[in-house]
Amino acid sequence: MKFLYQSFEAKRKEIIEVEIDVPTKVKFMTARELKAYRQGKTHTYHGGMFEESPVRFVIPFDSIWTVVVEKGSYDAPIAVKASCSRMSPNSLAVSSIAIDAPPEVRDQAMLNSIADAEQHAAEISMASKSEG
């Protein structure tokens, strides 16, 4: 399988943003998982199939993280252009959810985004009150 990749030394809560020009799999993994991936062994990763760009991943812990953008399968390769960047932590940013993520992951992400929006609205409401 052919793939594009780029590694980042990233800290917890930093964001890696990936721009892709066609729908493809985008995987975020540590060095150990990258080694297994390259050897064709079982590996774990964050991410999955994405149709829209940008793809954002909030780093869960300090490590060297690698972004892997797959260029299709061995039998059906595709031309993919991708670019990656590391961004500063942002409390409002959330990780993108892959279209092939399990239903429980998609449901939890939806609940988290609703809770975050409600908390942000409460913070704005409290900030707008004045003492008089």
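Any read-out appearing in this document is the output of simple, stated calculations on the displayed coordinates, not a laboratory observation. Being a predicted model, the structure only gives us computed values, none of them experimental. Please note: Cβ atoms are built from the backbone with ideal geometry, for glycine as well, and neighbour counts cover all protein chains shown.
How many of the residues making up segment 13-24 are in contact (Cβ under 8 Å) with a residue 60 or more places away in the chain and within 23 Å of Val105 (Cα to Cα)? Steps first, answer last, please.
If we filter segment 13-24 for residues that are in contact (Cβ under 8 Å) with a residue 60 or more places away in the chain, which is where we start, we get 13-21.
From what's left, within 23 Å of Val105 (Cα to Cα): 13-20.
Looking only at that region, the number is 8.
Could you please tell me which pairs satisfy a Cβ distance under 7 Å, a separation of 6+ or placement on different chains, a first residue in segment 33-48 that is within 13 Å of Glu70 (Cα to Cα) and touching a residue at least 24 places away in the same chain (Cβ under 8 Å), and a second residue that is part of a loop (DSSP other than H, G, I, E, B) and acidic (Asp, Glu)?
Gly48/Asp100
Select, from Arg12, Arg32, Arg38, the only residue that is touching an Asp or Glu at 6+ places or on another chain (Cβ under 6 Å), of a type in the set (D, E, K, R) and on the phi < 0 side of the Ramachandran plot. Talk me through it step by step, then tell me what you get.
Numbers: Arg32 fails: touching an Asp or Glu at 6+ places or on another chain (Cβ under 6 Å); Arg38 fails: touching an Asp or Glu at 6+ places or on another chain (Cβ under 6 Å).
Answer to the check: Arg12.
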